[in-house]
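The values are calculated or read from the model by the stated rules, or taken from the named source; none is laboratory data. Quick caveat: nothing in here was measured; it's all calculated off a predicted structure. Because the Cβ atoms are built from the backbone with ideal geometry, glycine has one as well, and the counts that use them run over all protein chains shown. Accessible surface areas use protein heavy atoms only, side chains included; no ligands, DNA or RNA. Shrake-Rupley method; radii C 1.70, N 1.55, O 1.52, S 1.80 Å.
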Amino acid sequence: MKNPATFAEKLQTCPKWALYLLLITVTSLPLWVPLNVPNKPKQDAMDFYEAIWKIPEGKTVLIASDWTKSTRGESEGSFSALVRILMRRNLKFAVYSTGDPQAPEVARNVVAKVNRERRAAGEREYKRFEDWLSLPFFANSEGTTGGIGNNIRAILGNAKDAAEGQAPASVLNSPVLKDVQKVQDLGLLVNVTASKTADIIVERLYGKVPLAFMVTGVMVPETSNYYASGQIKGLVGGLKGVYDLEQLMQYGINWQGPDGKTMVKSDRNGEVPGFAVDKKFLIGNGTMYYPALHGAVTLLILAVVVGNIGMFLGRKGGK
Amino acid sequence: MIPFAQIRTDFWTDLPGSSSANLKIIVGLLVGIGVIFALLRMSTQFRRPLIVGSTFIAGLYYILLWLWPKPIDRDPGEVATNPVEGLGFWLEDANPAVSQVRNIIAAFLIGLGVYSLLRIHVGKIAKQQKDWGFSLVLLVSMFGMAGVGFADWASRQGPEGAKLDNQANWGAINYVQDFLFDGLLQQMDAAMFSLIAFYILSAAYRAFRARSVEATILLGTAMILMLSLLGGISYLSDQAIEKMGGTDPNAFINNFRLTELAGWIQNSVQVASIRGLQFGIGIGLLALALRLWLSLEKMGNA
């Protein structure tokens, strides 16, 4: 007859289905109850937020949107937070992609969603062609990025977009790009990415235009390299970065909110205002998913701890 | 400054639709077809020098673009005053055209992929080989998605196209496209990616053990970084340590705040390691690029 499993063995042999069930539970439950988790924004996210607020009035922001729904948990939150801040600042922006053919449509859908929010809040909608441009997917990332650095108007010149009620026209005729003769005329280039396009952009555009990145959690280690060296102005990394950014949108940096409190303080940043808008429009993906990340990471830590305790007990022969 | 909506025109940048641009497209197309036929009929012995030569010239362009002195604050219509400047101007002017050529070549790869899929799966269906039903699903999905995608794109090309950003103005084809793209493809994409979480949890539970000194260091570091991701934990632990440090913001104990520890690991250990790694990769890529550029790689007889 088989000996009954020891306590140590039981600790090390939790069935897969139980682990999976726990994971589904701890990641799903928080989605129904959005919580405002206490948080201390990271310096890289604060620098990112400040970089956007420092863009001079009237400058255009170029967004390299290289993400699709496979990383929507992080990337969609990053992209929508970025679009919200740009719209709040009344800055014009153009979105292009070199990472994935699906990316332009995904980005258009997010801009439409943020516009719906603004309409519901009684704010001005961003008009296509007048306020923002949807540029196409460019199949070759290295060539296109290098070309943008070399002659942005020639690279983007063949692309067309349309204002409502108008036939598609060259994007060079849009007010968004009218003052952009060379890449140096851009206020900022933001790469929202889940792929290697971040490296390509630093290699080809660093020194020509200020850069800032929004990357997925797994890309944070490699991208931190560029932030640490000062090659990018700011970095929003993973879901934590998105949550940081949404908190900054609410509380600003070194800024006294409507209640007279300064919620986020930083010695390295100046005063950057937050938004004083209806809170329901600030529940972005970061706020929505951050408690679920807490659940998942806590479970991961517990699983590792339990597995290791089981191993140590097993070595000692304890029952 | 170049006036609004005007782009510099030269040999490389004809205005789209102009007769000279059309002429160059036709000539380029004919030359391309000619080269392909010539390559097909040529013996392997003569094909190799041609490919080696064109690879070298293509690589040389980018090497020169990188290393040759670049024009600074060049005015439109400015004439080069010496050969060095002239080559710099030429390289700069050619860059958008060369980039577009690269884009077109990359787009051809999609066509090549479609051709390859068709060749394999049409054959499988015709011969009714094992699992030919999956091949049928693949082809129907591919052509269905492409067809609906083109129809949706076409519906957005007229003056009313931008109105379709608002769902209230959608027609049937836009709803079908939305169902296929957002409703199916994107959701399946996200679902596939989310499965990783289950594998990570299972693998961490079974394999992430402190079996040696190195593994223990790795485990400890990972724990600190994972805990720092938990805003609630890092916020509360930082508050507790700051209280222990009293009113002095420079108290030594403040170095042990969770966010400080995680920041030190990321900025001092992780960044340095990744830089070393990337430096090594960079040198390896440089060597590989040189071998490809000079056709030193042995890749068959072609």
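One line per residue, one yes/no per condition, for (1) within 11 Å of another protein chain (Cβ to nearest Cβ); (2) part of a helix (DSSP H, G or I); (3) out of contact with any helix residue (DSSP H, G or I) (no Cβ under 9 Å at 6 or more places or on another chain); (4) closer than 26 Å to B:Trp264 by Cβ:
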site: A:Ser195; (1), (2), (3), (4): no, no, no, no
site: A:Val218; (1), (2), (3), (4): yes, yes, no, yes
site: A:Pro221; (1), (2), (3), (4): yes, yes, no, yes
site: A:Gly230; (1), (2), (3), (4): no, no, yes, yes
site: A:Gln247; (1), (2), (3), (4): yes, yes, no, yes
site: A:Val264; (1), (2), (3), (4): no, no, no, yes
site: A:Val297; (1), (2), (3), (4): yes, yes, no, yes
site: A:Leu300; (1), (2), (3), (4): yes, yes, no, yes
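Specify the residue that is most open to solvent (accessible area, probe 1.4 Å); the eligible residues are those in the stretch A:83-135 that are within 14 Å of chain B (Cβ to nearest Cβ) and of a type in the set (Gly, Ala, Ser).
Looking only at the stretch A:83-135, we keep the residues that are within 14 Å of chain B (Cβ to nearest Cβ), and these are A:83, A:95-120, A:125-135.
Among the residues that remain, those that are also of a type in the set (Gly, Ala, Ser) are: A:97, A:99, A:103, A:107, A:112, A:120, A:134.
Numbers: A:Ser97: 1, A:Gly99: 37, A:Ala103: 1, A:Ala107: 3, A:Ala112: 19, A:Ala120: 80, A:Ser134: 11 Å².
Per the criteria, the residue is A:Ala120.
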Legend entry - Filtered residues of the stretch A:249-262 (kept if open to solvent by less than 30 Å² (accessible area, probe 1.4 Å), part of a loop (DSSP other than H, G, I, E, B) and closer than 20 Å to A:Ala51 by Cβ): A:Gly252
Legend entry - the stretch A:80-117 - residue that is free of Cβ contacts under 8 Å to residues at least 40 places away in the same chain and of a type in the set (Lys, Arg) and, of those, farthest from A:Val192 (Cα to Cα): A:Arg116
Legend entry - Condition check for A:Tyr20: touching a helix residue (DSSP H, G or I) at 6+ places or on another chain (Cβ under 7 Å), part of a helix (DSSP H, G or I) and free of Cβ contacts under 8 Å to residues at least 40 places away in the same chain: yes
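Those residues that are basic (Lys, Arg), closer than 23 Å to A:Leu135 by Cβ and part of a helix (DSSP H, G or I), I need them from the stretch B:124-183; list them, please.
Within the stretch B:124-183, B:Lys163 is the sole residue that qualifies.
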Legend entry - Members of the stretch A:169-186 that are among the aliphatic types (A, V, I, L, M) and either at the interface with another protein chain (Cβ under 9 Å from one of its Cβ atoms) or not in a helix (DSSP H, G or I) (or both): A:Ala169, A:Leu172, A:Val176, A:Leu177, A:Val180, A:Leu186
Inset, instruction - Just one of (1) outside any helix (DSSP H, G or I); (2) more than 12 Å from the chain's Cα centre (by Cα) trips up A:Val236, so point out which. - result: (2)
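Identify all residues within the stretch B:1-18 that are open to solvent by 60 Å² or more (accessible area, probe 1.4 Å) and either at pLDDT 85 or above or closer than 30 Å to B:Ile72 by Cβ (or both); write none if there are none. If you could, list the steps in order and put the result at the bottom.
Initial filter on the stretch B:1-18 (open to solvent by 60 Å² or more (accessible area, probe 1.4 Å)): B:1, B:3-4, B:6, B:9, B:11-12, B:15-17.
Listed by number, the residues that qualify are B:Met1, B:Pro3, B:Phe4, B:Gln6, B:Thr9, B:Phe11, B:Trp12, B:Leu15, B:Pro16.
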Inset, instruction - Name, by its number, the condition in (1) open to solvent by less than 10 Å² (accessible area, probe 1.4 Å); (2) in contact with a Lys or Arg (Cβ under 9 Å, 6 or more places away or on another chain); (3) not hydroxyl-bearing (Ser, Thr, Tyr) that does not hold for A:Leu156. - result: (2)
Legend entry - Selection from the stretch A:26-56 of residues that are in a helix (DSSP H, G or I) and open to solvent by 60 Å² or more (accessible area, probe 1.4 Å): A:Leu29, A:Leu31, A:Trp32, A:Trp53
Legend entry - the stretch B:224-242: number of residues that are at the interface with chain A (Cβ under 8 Å from one of its Cβ atoms), in a helix (DSSP H, G or I) and under 33 Å from the mean Cα position of the chain (by Cα): 4
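If you check A:Ser78 against the conditions, is it of a type outside the set (Asp, Glu) and away from chain B (no Cβ under 14 Å)? Give the steps one after another, and end with the answer.
Values: of a type outside the set (Asp, Glu): yes; away from chain B (no Cβ under 14 Å): yes.
So A:Ser78 fits the description; yes.
Across the stretch B:59-113, what is the number of residues that are small (Gly, Ala, Ser) and closer than 20 Å to A:Arg153 by Cα? Before the answer, list the steps.
Applying the first criterion (small (Gly, Ala, Ser)) to the stretch B:59-113 yields B:59, B:77, B:80, B:86, B:88, B:94, B:97, B:99, B:106-107, B:111, B:113.
Filter once more, so that each one left must be closer than 20 Å to A:Arg153 by Cα: B:77, B:88, B:94, B:97, B:99.
The qualifying residues number 5.
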Inset, instruction - Inspect the stretch A:160-168 for any residue being open to solvent by 10 Å² or more (accessible area, probe 1.4 Å), free of Cβ contacts under 8 Å to residues at least 12 places away in the same chain, in contact with a strand residue (DSSP E or B) (Cβ under 9 Å, 6 or more places away or on another chain) and more than 10 Å from chain B (Cβ to nearest Cβ) and give the result as yes or no. - result: no
Inset, instruction - Please find, within the stretch B:199-223, the residue that is least open to solvent (accessible area, probe 1.4 Å) out of those that are within 11 Å of chain A (Cβ to nearest Cβ) and touching a residue at least 12 places away in the same chain (Cβ under 8 Å). - result: B:Ala222
Inset, instruction - Go through the stretch A:143-168 and give me each residue that's in a helix (DSSP H, G or I), of a type outside the set (A, V, I, L, M) and in contact with a Ser or Thr (Cβ under 9 Å, 6 or more places away or on another chain). - result: A:Gly143, A:Thr144, A:Thr145, A:Gly146, A:Gly147, A:Asn150, A:Asn151
Legend entry - Every residue from the stretch A:152-174 that is more than 26 Å from the chain's Cα centre (by Cα) and either within 17 Å of A:Gly58 (Cβ to Cβ) or among the small types (Gly, Ala, Ser) (or both): A:Ala154, A:Gly157, A:Ala162, A:Ala163, A:Gly165, A:Ala167, A:Ala169, A:Ser170, A:Ser174
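Given the criterion open to solvent by 30 Å² or more (accessible area, probe 1.4 Å) and among the β-branched types (Val, Ile, Thr), identify the matching residue among A:Thr6, A:Thr71.
Numbers: A:Thr71 fails: open to solvent by 30 Å² or more (accessible area, probe 1.4 Å).
Only one candidate qualifies: A:Thr6.
Which residues, taken from the stretch B:64-90, are under 17 Å from A:Gly147 (Cβ atoms) and either surrounded by 11 or more Cβ atoms within 10 Å (Cβ to Cβ) or in contact with a helix residue (DSSP H, G or I) (Cβ under 7 Å, 6 or more places away or on another chain) (or both)?
Passing the criteria: B:Leu64, B:Leu65, B:Trp68, B:Lys70, B:Pro71, B:Arg74, B:Gly88, B:Phe89, B:Trp90.
Going through B:Ile241, B:Ile274, B:Ile265 one at a time, which residue ends up being buried (at least 16 other Cβ atoms within 10 Å of the Cβ), among the β-branched types (Val, Ile, Thr) and in contact with a Pro (Cβ under 8 Å, 6 or more places away or on another chain)?
Working: B:Ile241 fails: in contact with a Pro (Cβ under 8 Å, 6 or more places away or on another chain); B:Ile265 fails: in contact with a Pro (Cβ under 8 Å, 6 or more places away or on another chain).
Result: B:Ile274 is the single residue among B:Ile241, B:Ile274, B:Ile265 that is buried (at least 16 other Cβ atoms within 10 Å of the Cβ), among the β-branched types (Val, Ile, Thr) and in contact with a Pro (Cβ under 8 Å, 6 or more places away or on another chain).
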Legend entry - Verdict on A:Phe138 being surrounded by 19 or more Cβ atoms within 10 Å (Cβ to Cβ), farther than 16 Å from B:Lys163 by Cα, within 9 Å of chain B (Cβ to nearest Cβ) and touching a residue at least 40 places away in the same chain (Cβ under 8 Å): yes
Inset, instruction - Those residues that are open to solvent by 40 Å² or more (accessible area, probe 1.4 Å) and without any contact (Cβ under 8 Å) to a residue 40 or more places away in the chain, I need them from the stretch B:184-198; list them, please. - result: B:Leu184, B:Gln187, B:Met188, B:Asp189, B:Ala191, B:Met192, B:Phe193, B:Ser194, B:Leu195, B:Ile196, B:Ala197, B:Phe198
Inset, instruction - Being within 29 Å of the chain's Cα centre (by Cα), under 18 Å from A:Lys113 (Cα atoms) and at pLDDT 90 or above is the filter here, so list the residues in the stretch B:149-177 that pass it. - result: B:Asn174, B:Gln177
